[in-house]
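Structure record follows, encoded as structure tokens.
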Amino acid sequence: MTTRIVELRRGILKKNDELAAELRLRYAAAGALVLNLVSSPGTGKTAFLERTLRELLARGSRAAALVGDLETDNDARRLAASGAPVRQINTHGICHLDADMIGKHLDNWEAVDLAQLDYLFIENVGNLVCPASYDLGEKIRVALLSVTEGEDKPLKYPTLFNSADAAVITKMDIAAPCGFDREAAVRNINEIRPGIRIFETSSKTGAGMDEWLTYLAEARLRHA
Amino acid sequence: MSIVETVTESLAAYPGATVKEVRLRVGALAAVEEESLQFCFGMATEGSPVAGARLVVNRLPVILHCAPCGKDVELAGVQSFRCPECGVQASDLRQGRELEIEAIEIDEAEPNGGEPSGAGAAMQTGSAQEAGK
């Protein structure tokens, strides 16, 4: 019997990474800016996205959304109220979306032709751990954090915040009653992801939305 | 699961071999908790050719490129992305997200009937027959 070391050097998520690379080419060819929204459950991703879709449509942009949840199509129905095409992805127990799920749901989505879109939003499953490791081919990963969650969340989940391209603080309308320390939150985000754009928003009052929509428009011109 | 799959695939070149060790490289930002991984590895490998193998996890620290210092610097943790030497914030990540199988250590079966008994030998015969069809 001989003992041998076999070098493999193979990424454990290689399959997902390959599929994500294909998706990235597909989005680019279609000219759609694709964003992946990630946060804990309850941060307000759906409310924020609904408002974003509504305002984009009102400005004449073409936007659609894929929304991931373990079960139910409640979020898809909420988002559809914006008027944008929305498709629910039920993961049935899986705590994140992966590139294969995105590809399959884009393939047979009759209501949406990627080439006709300006923006595609992917609302990930509420989870700050696993979605960080699964590339969906997106151009911009957005990490959301609400004022009710604690300013140290970026320090607790550095992997996700470090992989984000933009950060959104939600529910700013209740920041004061929650005793939210805005400076600490901004400092913590910056400590984990230096120089990242941070948007302070309220989906209820619309605060911060103009700045966010301007950022989207600029990003689209730059990338798509 | 993908670990078992990858290792099993790579064993095709070494018929009858048994896996003694699987070595991973895991970056500090890879969101992997070693204890859970060890636990899951035991369950995931059960009944597979990888069953009974040791899982060795090599942790890799975050390495950033610090522009003012003009070099790569290693971080002690993942709570602050600053150069430990000059204190300037840096986001040019050079290491830390790795999640890969580095290598496996196997015991190869002797080429000429060294250990004819066991499932490994049976599999060898089976595949030889199939190849001959």
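Overview of results
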{"quantity": "Averaged over B:26-36, number of beta-carbon atoms from partner chains that fall within 10 Å", "calculated": "3"}
{"quantity": "Straight-distance crosslink candidates among lysines, where the alpha carbon sits under 29 Å from A:Lys153 and sequence neighbours closer than 8 are dropped", "calculated": "A:Lys14, A:Lys45, A:Lys139, A:Lys171, A:Lys204"}
{"quantity": "Options B:Gly47, A:Ala80, A:Pro131, ranked by Cα towards positive dipole end of the protein assembly as shown, top entry (Cβ charges)", "calculated": "A:Ala80"}
{"quantity": "The stretch B:15-69, Cα convex hull volume normalised per residue, Å³", "calculated": "102 Å³"}
{"quantity": "Selection of GluC sites (Glu not before Pro), the stretch A:134-224, meeting DSSP coil and at most 16 other Cβ within 10 Å", "calculated": "none"}
{"quantity": "Gap separating the Cα centres of the stretch A:1-21 and the stretch A:167-224, nearest whole Å", "calculated": "38 Å"}
{"quantity": "Among A:Gly206, A:Ser146, A:Ala219 - extreme Cα towards positive end, dipole of chain A, charges at beta-carbon", "calculated": "A:Ala219"}
{"quantity": "Distant-in-sequence amide H partners of A:Leu70 (H built 1.01 Å from N, under 5 Å)", "calculated": "A:Thr91"}
{"quantity": "Average other protein chain Cβ within 10 Å of Cβ, residues B:98-109", "calculated": "5"}
{"quantity": "For the stretch A:67-176, alpha-carbon Rg relative to the globular expectation (2.2 N^0.38 Å, N residues)", "calculated": "1.14"}
{"quantity": "Shape metrics for the protein assembly as shown, restricted to C-alpha atoms - Rg then Dmax, Å", "calculated": "23.8, 78"}
{"quantity": "Cβ-based net charge around A:Lys204, under 10 Å, with every Lys or Arg adding one and every Asp or Glu removing one", "calculated": "+1"}
{"quantity": "Top of A:Ala167, A:Ala30, A:Ala99 by mean-square fluctuation, Gaussian network on chain A, Cα under 10 Å", "calculated": "A:Ala30"}
{"quantity": "B:His65 paired with A:Glu22, simple spin-label distance in nm, labels 7 Å along Cα-to-beta-carbon", "calculated": "3.1 nm"}
{"quantity": "Rounded to whole Hz, the Karplus (6.51, -1.76, 1.60) HN-Hα couplings of the stretch B:58-72, x for glycine and proline", "calculated": "8, 7, 10, x, 6, 10, 10, 9, 9, 5, x, 7, x, 7, 7"}
{"quantity": "Residues of type aspartates and glutamates that B:Lys71 reaches as a straight line, Cα spacing below 15 Å, ignoring anything fewer than 8 places off in the same chain", "calculated": "B:Glu85, B:Asp92"}
{"quantity": "From phi via Karplus (6.51, -1.76, 1.60), per-residue ³J(HN,Hα) for the stretch A:100-112 in Hz, x at Gly/Pro", "calculated": "5, 4, 5, x, 5, 6, 7, 4, 10, 9, 5, 6, 10"}
{"quantity": "Debye, to nearest 20: dipole size of the protein assembly as shown, +1 on Lys, Arg Cβ, -1 on Asp, Glu Cβ", "calculated": "920 debye"}
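Where a number appears in this text, it was derived from the coordinates with a stated rule and is not lab data. Keep in mind that this is a model prediction, so the values were computed, not measured. Don't worry about glycine lacking a Cβ; one is built from the backbone with ideal geometry, like all the others, and counts go over all protein chains shown.
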